[in-house]
Amino acid sequence: MKLAEKICLITGGTRGIGAATAIALAGKGVKLALAARRMDTEALEMQQKIQDLGSSCHLIQADLSQALDAQRCVEEIVRRYGGIDILVHSAGGPAGGSLLELTPEKWHAAFDVHLHAVFHLCQASVPHMKQRSEGAIILISSSAGIRSLKTNIAYQTVKGALPHLTRALAFELADSNIRVNCVAPGIIRTAFHASMPSEVRQFNLTNRIPLHREGTPEQVASLIAELIGNDYITGETVSIDGGLTMRIA
């Protein structure tokens with residue numbers, strides 16, 4: 001896929017991996033719409049960064065746990081730019097808690113934003129991609145969806161579902177030249193991991209990550225851009241975790 005002038009919706013696009021992906025794609029001439037829960041200073045600064053790179057950037061306020069908001073995101077980008085070529089679902093957040101600690105509300109909330117939002121976003125965007133005879137969808141899983149963690153049952157369940165959903169969508173949409181891939185980051189230097197206690201962080205670097213360092217949002221964004229641009233890759237889940245998930249323990 002030639003990225004110049006393509007139209008991309010990134011959910012969770014104003015911070016972390018989503019923001020880094022937006023900057024990477026803007027540098028390749030992609031027109032962007034960034035969906036975020038809050039239109040705060042951070043969102044406005046992100047929009048300005050994209051525009052400073054010479055790319056168009058439209059902000060959309062949305063709660064991706066709500067089906068109608070997910071559909072509205074796609075409708076808004078189509079009204080703004082006339083279509084959609086690329087969807088990157090990076091919206092999410094922590095969903096901690098063990099089996100006996102987790103409330104039903106938090107369990108369902110994790111599914112709403114991490115998994116159900118993908119269904120609604122894809123249902124809304126795929127018809128427009130079919131009209132353009134090309135499309136690319138990127139889902140963001142996690143090393144937690146590949147390897148189990150304690151006290152994190154909802155998060156690892158929804159992240160573990162995304163690689164299989166990726167394969168199912170890729171197979172179904174291949175005849176329409178719409179590719180679907182998934183990225184599974186490990187411990188990345190974002191606000192998501194910022195609250196990790198220093199002793200836990202050091203243990204991870206010393207004992208769990210073979211490369212002994214954290215990843216950066218920019219490294220993940222580079223991988224996402226490659227998966228979007230390479231039109232012979234579909235149905236894949238690619239880990240980017242410094243070797244974290246290849247360890248036995």
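Helix by helix through the chain, keep the DSSP H runs that span 27 Å or more along the axis on Cα and average at least 0.0 on Kyte-Doolittle, and give those back in order. Qualifying helices: 153-173. For the range 7-243, the relative contact order works out to 20 percent when only alpha carbon pairs closer than 8 Å and six or more residues apart are counted. In this entry, the range 1-64 is assigned a mean projected area of 3.8 nm², taken as a quarter of its C-alpha convex hull surface. Positive end of the charge dipole of the chain (Lys, Arg +1 and Asp, Glu -1 on Cβ, about the Cα centre): tell me which of ALA62, LEU162, GLY215 has its Cα farthest that way. It is GLY215.
The reciprocal of the average 1/r between distinct C-alpha atoms defines the Kirkwood hydrodynamic radius, which for the range 7-243 equals 17.9 Å. Placing pseudo-labels 7 Å out from each Cα toward the beta carbon at GLN71 and ASN177 gives an inter-label distance of 2.9 nm.
When the C-alpha to C-alpha distance is required to be over 32 Å, the pairs from LYS49/LYS159; LYS31/LYS159; LYS2/LYS106; LYS2/LYS49; LYS2/LYS159; LYS130/LYS159 that qualify are LYS2/LYS106. Shown here for the range 1-99: trypsin sites (Lys or Arg not before Pro) in loop regions (DSSP other than H, G, I, E, B) with at most 12 other Cβ atoms within 10 Å, namely LYS2, ARG38.
Report the normalised scattering of the range 152-245 as log10 I(q)/I(0) at q = 0.18 Å⁻¹, calculated by the Debye formula with identical scatterers on the alpha carbons. Debye output, listed in q order: -0.91.
For the range 100-186, applying the loop criterion from DSSP together with a ceiling of 12 other beta carbons within 10 Å to the chymotrypsin sites (Phe, Trp or Tyr not before Pro) yields no site.
Restricting the range 164-240 to trypsin sites (Lys or Arg not before Pro) that sit in a DSSP loop and have at most 13 other Cβ atoms within 10 Å of their own Cβ leaves ARG213. Using alpha carbons only, how many angstrom separate the centre of the range 104-133 from the centre of the range 1-52? The distance from the Cα centre of the range 104-133 to that of the range 1-52 comes to 19 Å.
Between the listed residues VAL200, LEU9, ILE84, the Cα displaced farthest toward the positive end of the dipole of the range 7-243, a dipole computed from Cβ unit charges relative to the Cα centre, is found at VAL200.
FYI, it's all coordinate maths here, none of it is from the lab. In this text the structure is predicted, and so the values were computed from the model without any measurement. Glycine gets a Cβ as well: all are built from the backbone with ideal geometry, and neighbour counts include every protein chain shown.
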